[in-house]
1. Name the single residue, out of those in the range 185-215 being of a type in the set (A, V, I, L, M, F, W, C) and over 20 Å from ILE289 (Cβ atoms), that is surrounded by the fewest Cβ atoms within 10 Å (Cβ to Cβ).
2. Quick check on my filter: what residues within the range 17-30 are part of a helix (DSSP H, G or I) and at pLDDT below 95?
3. Of the conditions (1) on the phi > 0 side of the Ramachandran plot; (2) in a loop (DSSP other than H, G, I, E, B); (3) not β-branched (Val, Ile, Thr), GLY267 clears all except one; give me its number.
4. Across the range 3-16, what is the number of residues that are among the charged types (D, E, K, R) and modelled with pLDDT of 95 or more?
5. List every residue pair whose Cβ atoms sit under 7 Å apart, with the two residues 6 or more apart in sequence or on different chains, where the first one lies in the range 142-160 and is under 18 Å from ILE289 (Cα atoms) and not assigned by TED's automatic domain parsing to the domain that holds PHE230 and the second, anywhere, is surrounded by 13 or more Cβ atoms within 10 Å (Cβ to Cβ) and of a type in the set (S, T, N, Q).
6. Here is a list: THR389, THR290. Which entry is within 18 Å of ALA99 (Cβ to Cβ) and among the polar types (S, T, N, Q)?
7. Every residue in the range 86-129 that is among the hydrophobic types (A, V, I, L, M, F, W, C) and surrounded by fewer than 19 Cβ atoms within 10 Å (Cβ to Cβ), please.
8. Evaluate the following for GLU173: is it without any contact (Cβ under 8 Å) to a residue 24 or more places away in the chain and either more than 16 Å from LEU229 (Cβ to Cβ) or in contact with a Lys or Arg (Cβ under 8 Å, 6 or more places away or on another chain) (or both)?
Amino acid sequence: MFEQAPPALGNQYLDDRVLRSYLARVFPGQMLSEVEESLVEMGRLAGGELYQMQLADRLNEPTLTQWDAWGNRIDKIELTPLWRVAEGIAAEHGVVATAYEQRHGSLSRVHQCALAYLFTPSTDIYSCPLAMTDGAARTLLTSGNQKLIERAVPHLITRDPKEFWTAGQWMTELTGGSDVGLSETIAKEEDGQFRLYGRKWFTSAISSQIALTLARPEGNPGGGRGLALFYLETRDEQGRPRNIRINRLKDKLGTRKVPTAELTLDGTPAQLVKGPTDGVRNIAPLLNITRLWNGISAVSLMRRGVALASDYARKRVAFGAPLSEKPLHRDTLAVLEAETEAAFHLAFYVAELTGQSETGEISEDDALLLRVLTPVMKLTTGKQSVIVTSEVLEMFGGAGYV
């Protein structure tokens, strides 16, 4: 009886010619040796235990329990086994921290992106909360709000899983996604404390300990400039939501492991991050970091698809020969590899510029280039990843559809 051997993965760093040749070009020799140890280990996890856990965890999704058996509103989120393991690995291996430890200057951001690139495909988009965590850390540091920096940033960039926090980004409302100036959430000052009232329609990674969100202080004008950026901690010391109701988890086409929710804020305590206006401008550092993560993640998923399709092509025999020996199949693989490599270099070039900006080493021209390239890179790699992964599925024939 014929049984088809499934595709397999090896060490995802050692097997990645493009990543290794790129790092050899941008890192000086001794520095490359210092970063490679962490990348080899992450590559081993990504092609080994994490990948096997991902396959076993395939049908699991986060769950929301709104009420306990005694009628108390608890809004408890249960994450999947893979995500719970991924959190600890992300912290211990510095998938966020590496960019802030800056052991290798501006190239620390490149090192971090290489870790994220290896980590993401085997963790079902645990890169989502990590991206927002990284963005929150950068936003708070940029704000100069020393109280919030001291309170939150050490948790966001630690390598200790017990101390590690993730962050959410709550912007989208029914009235406005991209047009956030239409946001209706109101911030009221009550007894010297801001409290938020409103409905957030799409909030990713709702299990995070903190969030950055936009709200309009009472009396502020309409539009984006009248919004302010707020920091809030999602749960109290007993683990209960701080005047937050989770109405439901979103039923999404993709990123099913990410617990994305609709929320009602009913007097949620919050703190201003930087002034009572210009919230959209003040949250921009977070948006740019998450755009970088989006591009790196898109490239990593393309790379994973090509790796699996290439291995399968060597194993699958049809019409008397492996698929890898069929000229048209090889041509399709070559096109996918070219698309992936081009996207890789675009995304990692933005990572280089981001690192230079963070260390103050960027030229005026490159700073302008970074401002343009960051959203363009996100758009381009996102579109490419849909095309490449769709083609990858077809390269598995009927098995890809199933």
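The values are calculated or read from the model by the stated rules, or taken from the named source; none is laboratory data. The structure displayed is predicted, hence computed values, not measured ones. As a convention, Cβ positions derive from the backbone with ideal geometry for all residues, glycine included, and neighbour counts pool all protein chains shown.
1. Out of the qualifying residues, it is ILE186.
2. GLY29, GLN30
3. (2)
4. Going through the range 3-16 one residue at a time, the tally reaches 2.
5. SER143/ASN282; LEU156/THR133
6. THR290
7. Answer for the range 86-129, where residues must be among the hydrophobic types (A, V, I, L, M, F, W, C) and surrounded by fewer than 19 Cβ atoms within 10 Å (Cβ to Cβ): there is none.
8. It is false that GLU173 is without any contact (Cβ under 8 Å) to a residue 24 or more places away in the chain and either more than 16 Å from LEU229 (Cβ to Cβ) or in contact with a Lys or Arg (Cβ under 8 Å, 6 or more places away or on another chain) (or both).
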